[in-house]
Each structure stands twice: as C-alpha cells, then as structure tokens.
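The values are calculated or read from the model by the stated rules, or taken from the named source; none is laboratory data. Quick caveat, the model's predicted, so the values are computed rather than measured. FYI the Cβ positions are ideal-geometry reconstructions off the backbone, even for glycines, and counts take in every protein chain you see. Just the protein is used for accessible areas: all its heavy atoms, side chains included, with ligands, DNA and RNA removed. Shrake-Rupley method; radii C 1.70, N 1.55, O 1.52, S 1.80 Å.
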Amino acid sequence: MRHKARGSVREGSTRVLLCCGVLTMIDSAPLRVGIAGLGTVGASVIRLLERQAQALKGRAGRPIVVAGVCAREKGKDRGVMLDSLAWFDDPVELAKSGEIDLFVELIGGDEGPARAAVETALSHSKSVVTANKALLAKHGLALARLAEAHHVALAFEASVAGGIPIVKTLREGLAGNQIERVYGILNGTCNYILSNMETARRPFADCLAEAQKLGYAEADPTFDIGGFDTAHKLAILASLAFGTQVDPAAISIEGIEQITLADLEAADELGYRIKLLGVAQRTASGVEQRVHPTMVAKSSAIAQVMGVVNAVTIDADAVHELTLVGPGAGGGATASAVVADIADIAKGIRSAPFGLPSDMLTPAPRAPMQMHEGGYYIRLTVADRPGVMAAIATQMGKREISLESIVQRSRPGKKAAGVATVILLTYATTEHTVREALAAIQADGIVSETPQVIRIERE
C-alpha cells in the first residue's frame, strides 16, 4: 500500500518528510563522489554514473556527481572525460578532501594505499564504497568499527560475486531467516578452467594458458587457482550469514591445480560435475568454512553454471534454497554493484557493514576440517594384481567407511606396467576417517601415486 507524504519542510538543502508519522531526513544536495583507482572498474563506474544520472537522481532523491579522482597515471586514455574533475596523486589526500562526501576505493590490496585511504576516509566521517575483498577479509572488523564510530557507511557489494547482489541479500533480504549454509562458485577463472577442461577434454595446463590469453587469469594465477580469492570472499559471506567476525584464517583451502581429465570424466560417468566451491556451514561443532574442488550433482542448479559466471546458493529456514547466478567479474558487472552502494548512501541508508553491529559479531567457532562429514570421491593409482581390491576394502571396512561404488579400470598406455586406477565413492563419513584409511592403504605399498580426494556436496 502506498502512502503519500502528509507534509514537508525544506531547510537549506535538506527536506524533512513526514510519512505515516515518521520523520525522514533527505539531503537533496549533490552527493560528491571521489574515486581512487581508474582501471576497468573505475572507468566503468564513471560511465555508469554519467549514463544513469537522471535515473539515479530520481531514485536517490539527489544528484550523484563525481567530484575527484585518483590514479597512478594522469594522462592515460581511459575512455572517460576527467578534465572537469579534481585530480589527486595521493588517494589519502582524496580520501580526506573537503571536495568529496563519499570515497570509492578501487585500488586493491589488503595493505598500502588502499588500507590507508579507506581508514582516512572513515576517520574523516566520509562513507566508503569498496570492491576490495582482500582488504575486508583481513581488516573488515576493524574497518566496520571505525565506520560505526564515525556514523558513516562501509559498503562492499562489489567485493563478492561481481554483479550478483549477494551482500544485500544476506544482510537485508534474508534478515528474517536463519542461514544454515551458504556456498557457491565465487571465482570465474577457476570455473572457466574446469568448464573448459570438461567440455573440450583439454588438460589443466592448456585451459589455464587459454584463460590467461583471454584475460581471465593473471600472469601469476596462484591467487585464483589456489583458492585464496574464493577464501577471501567466503570469509565475508560467512560473517554476513552467521554473525561472526571475518576470519579468513578459519578457512580450509585447496585449489584446483591437481584436478585431472580423469577426475572430470569419472565425475561425468557418476552423474556429477566438479566445481571449486566456497562453503560456509553451521554445524554442531561450529561454523565450517572450506574452499576446495567439489563434486556436485548434475541436476543441481549450481552444476549448470559454466564459464566465468558465478553462483551462490543459500540454505535458510524460511526460504529453503535460494540460488543467485550472474557475472562475477568485469567492468560493467562490478561497476553495477559499486553504483548500487553509492545510490544507497545517497538515499541515507546506512546498515551495519556485516549485518550486526561490530560488537555483536562473535568469534567464528572453527569446526576442524577433520570433522567434516560427507561423501567422498577417491581415485587411487594401484598395482594391477590380485588382492589389491580386497586390501583397499579391508582398510575402508576397518574404519566403517561404507562404499557406494568401487570401480577398477586399467590405465591407458600403462597396462604393460601393471598399473590400474581404482575409483571409490563413499557414503557419508568424516574427513579424518578417510585420511586415516588412505594413509593405511599407502602404508600397504599398493598405491603408486598420491591419492586424489574430492568431496561431494549433497543437495
């Protein structure tokens, strides 16, 4: 039901609206934005603010203008007009400038200029919008406390999953839900590589090289393929979902470097796909946070997400399962999230950064990875001789690990060497029990390569 304002008072640049007996202060003066970092995202933010200027003015109730910028090279052609904007060589100077009301940090990095500039802006009572997941993962709690102390906003929709509004969904949209689990594909580089390996039947190294050629992966791809980028994003989501302090050290991390075509082909035959997932889950022993390659059923929504696309699934008590899918990177998608935060601040919206006041965020009770319970895919390279299968089954049986399936196949080109591949699929068991059984199997001397273990995420 729509209610009309019953009256209004204008004082200077501020309107005071009386709506349903509630006074709302709306500042109608332009919101002056300072942007530090004019790479692909920064330039896209300027273009989007210019293109949507009238629509944003209507939605926010005031104009939004870029008043100052900062970057390393002033003369570089970025495809946007900067002549009318105040130029700053130092992001810290921009952050404390009286020419801006809101500071947008798009520099990157968890220390150095990015951290110094954000802390300066907040200390000078200026709201901050950032896309910097590394900064938030390492210093999020301290920055949230600083923002609250100065009664300003710290907004970071663009820090996780690009254009997907996952931060607002967890913080505001699902405020009435108890979240049980949040998990997803949070790194487009890894998803592209795994998708390409599966569809083109090409090895990991070839698909990584192609991702680098296309600009999806950095020259040094460790941060992406090692799972660290996903871990930073998961730390933020876990805080929002469970009301815990941001703690990337609580996350168990594995990358995708050891995934082979044999694993993808076996997954396909078994009705699964392999994805690098970040998973945060409420358990009896604490909040379990993990990043690792995961087998997901082909029938699941998240299994359909291919290429550089991101997806996040939320399991909650009222809405049950909710999956959000969209572009996880790129100038346009990330700029969309940045501008959404700018518009909220222009409207006067100021939420607690992580959903709860910082003094209500609790230390994350870490659930040890050894306690993780679920199904497992295990690939063993073994000697192709009688008794091997019985020896494997014996070690599994001693630890009460129930096997859903066990398949032995000869390795192409290695039959003469007497080598075979054994693939096990277990029912629910613990990480500790699986690792103990594999150690015993290796001690028996029947395994010639390090076992491959991939967890199975059930719907």
Report summary line: Largest-first ranking of His372, His232, His124, His150 by accessible area, probe 1.4 Å, whole protein assembly kept, is His124, His150, His232, His372
Query raised in the report: Which lysines have a Cα lying under 19 Å from the Cα of Lys57, excluding residues fewer than 8 positions away in the same chain?
Result: Lys347
Report summary line: With all protein chains present and a 1.4 Å probe, the order of Arg47, Arg399 from largest accessible area down is Arg47, Arg399
Report summary line: Counting only protein heavy atoms and leaving out ligands, DNA and RNA, the solvent-accessible surface of Asp89 at a 1.4 Å probe, in Å² to the nearest 10, equals 130 Å²
Report summary line: Bridge orientation stat for the chain from DSSP, antiparallel percent rounded to 5, came to 70 percent
Query - Dipole moment magnitude, nearest 20 debye, the stretch 36-171 about Cα centre, only Lys, Arg, Asp, Glu C-beta charged - result: 520 debye
Report task. Project the alpha carbons of the chain onto their principal axes and report the range along each, largest first, in whole Å. Result -> 89, 50, 37
Query raised in the report: Quick one: how many Å² of Glu157 are accessible to a 1.4 Å probe, rounded to 10?
Result: 10 Å²
Requested in this report: On the full set of protein chains, 1.4 Å probe, figure out the accessible area of Lys347 and give it in Å² to the nearest 10.
Outcome: 90 Å²
Report task. Could you name the lysines whose alpha carbon sits less than 30 Å from that of Lys213, not counting residues in the same chain fewer than 8 places away? Result -> Lys74, Lys76, Lys133, Lys233, Lys275, Lys298
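Rg(Cα) of the stretch 284-436 divided by 2.2 N^0.38 Å? Don't skip to the answer; put the middle values down first.
On the way: Rg = 22.9 Å, N = 153, 2.2 N^0.38 = 14.9 Å.
Normalised Rg, Cα atoms only: 1.54.
Would you tally the net charge around Ser97, using a Cβ to Cβ cut-off of less than 13 Å, leaving Ser97 out, and scoring K and R as +1, D and E as -1? Could you put the intermediate results ahead of the total?
Working: positive: Arg32, Lys96, Lys126; negative: Asp89, Asp90, Glu93, Glu99, Asp101.
The answer is -2.
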Query raised in the report: So which aspartates and glutamates can Lys398 reach, going by Cα to Cα under 19 Å and dropping same-chain residues fewer than 8 places off?
Result: Glu373, Glu431, Glu436, Asp444
Query raised in the report: Along the charge dipole of the chain, Cβ charges K/R +1 and D/E -1, which of Ile302, Ala383, Gly176 sits furthest on the positive end?
Result: Gly176
Report task. Just reorder Leu214, Leu48, Leu154, Leu270 by solvent-accessible area, largest first, 1.4 Å probe, all chains present. Result -> Leu214, Leu270, Leu48, Leu154
Requested in this report: Compute the separation of the alpha-carbon centres of the stretch 293-359 and the stretch 394-408 and state it in Å as a whole number.
Outcome: 38 Å
